[in-house]
């Protein structure tokens with residue numbers, strides 16, 4: 001399907017200016033693109049404030065909301081989810097098995113404004129992620145498990161980000177980075193979608209995602225998740241293998257340990273996750289305890305390893321992160337699968 005959407009980079013639209021996030025407007029746009037959602041979907045925004053742990057500020061699509069909230073069992077499910085949200089302060093898509101009713105409870109994280117320079121874009125990503133759970137075939141955890149569900153939702157949100165902002169929005173790289181770091185620093189397997197996000201980021205140079213219709217966008221998200229999502233077993237292995245290895249980014253010993261793991265592993269998902277965590281060190285002008293020579297050697301070694309594992313998306317992103325580097329020489333030992341990388345200026 002995506003082959004028909006390939007364009008030259010010069011033909012793509014220039015990046016659009018960042019939009020202001022408007023919850024009601026975003027809901028109306030979703031219903032215009034996917035009218036069937038209006039029959040059974042409730043959109044809620046739970047906004048924490050200083051006086052209370054949380055309150056419902058907005059209910060969109062009143063007809064669906066009134067019909068939904070008349071159900072005692074559904075009200076009980078929503079109440080349980082809202083209690084969780086007040087503790088976690090995160091958004092959620094509510095799907096109850098055996099019921100056509102759906103809900104998106106959006107909890108905008110105010111702390112994003114102080115952390116990310118693209119706060120509005122991150123809010124759009126969070127909103128689109130929950131919509132992706134409702135629209136994609138395997139967005140429900142009960143379909144093929146949480147890993148496929150989260151990859152499907154992230155894939156939809158990533159493609160929508162490109163459609164909203166044009167080009168390759170910087171916050172997509174930040175999101176992929178965060179997903180990988182949570183595996184290593186928090187032992188979290190909740191959102192193991194780095195490989196799916198990186199594939200979309202890499203393809204955004206050659207594929208005109210902006211020309212996709214709403215239905216094609218959903219289909220493309222499903223295709224990327226199917227092709228690039230790790231299995232439940234791969235995700236569990238990566239978490240157990242990498243957890244706690246890189247808790248402090250300014251610790252050169254932990255950086256070297258993670259780099260050594262990436263260069264020695266035969267597991268493609270472990271390599272991709274570790275490489276994503278190392279990319280900021282490759283891109284930085286200076287890293288504590290890491291010389292320019294060491295950084296160049298690490299970048300070249302990771303690129304050679306990505307090439308050997310056939311990870312073209314990761315290879316491209318590693319090259320982007322490191323920039324121009326000395327010419328690589330590969331020894332006979334490396335050609336046979338061992339170590340021994342050399343480089344020269």
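Per-structure values
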| quantity | calculated |
| --- | --- |
| Ordering of 31-37, 237-243 by packing [mean C-beta count within 10 Å, highest first] | 237-243, 31-37 |
| FRET efficiency, 1/(1 + (r/R0)^6) with R0 25 Å, evaluated for residue 319 and residue 293 via beta carbons | 0.85 |
| Mean Cβ neighbour count within 10 Å, used as a protection proxy, ranking 180-190, 267-277 highest first | 267-277, 180-190 |
| Residue-span extension gain [residue 40 to residue 268] - 0.36 nm each, minus C-alpha spacing | 78.0 nm |
| Cα-based equivalent ellipsoid, segment 111-241: semi-axes from gyration tensor eigenvalues, Å | 21, 18, 13 |
| Two-site FRET efficiency, residue 223 against residue 28, from Cβ-Cβ distance with R₀ of 35 Å, rounded to 0.05 | 0.80 |
| Ranking of 228, 129 by count of other Cβ atoms within 10 Å, fewest first | 228, 129 |
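Taken together, the values in this text are just the output of simple stated rules run on the coordinates, not laboratory data. Given the structure is predicted, the values throughout are model-derived calculations rather than measurements. Here the Cβ is made from the backbone with ideal geometry for all residues, glycine too, and neighbour counts use every protein chain on show.
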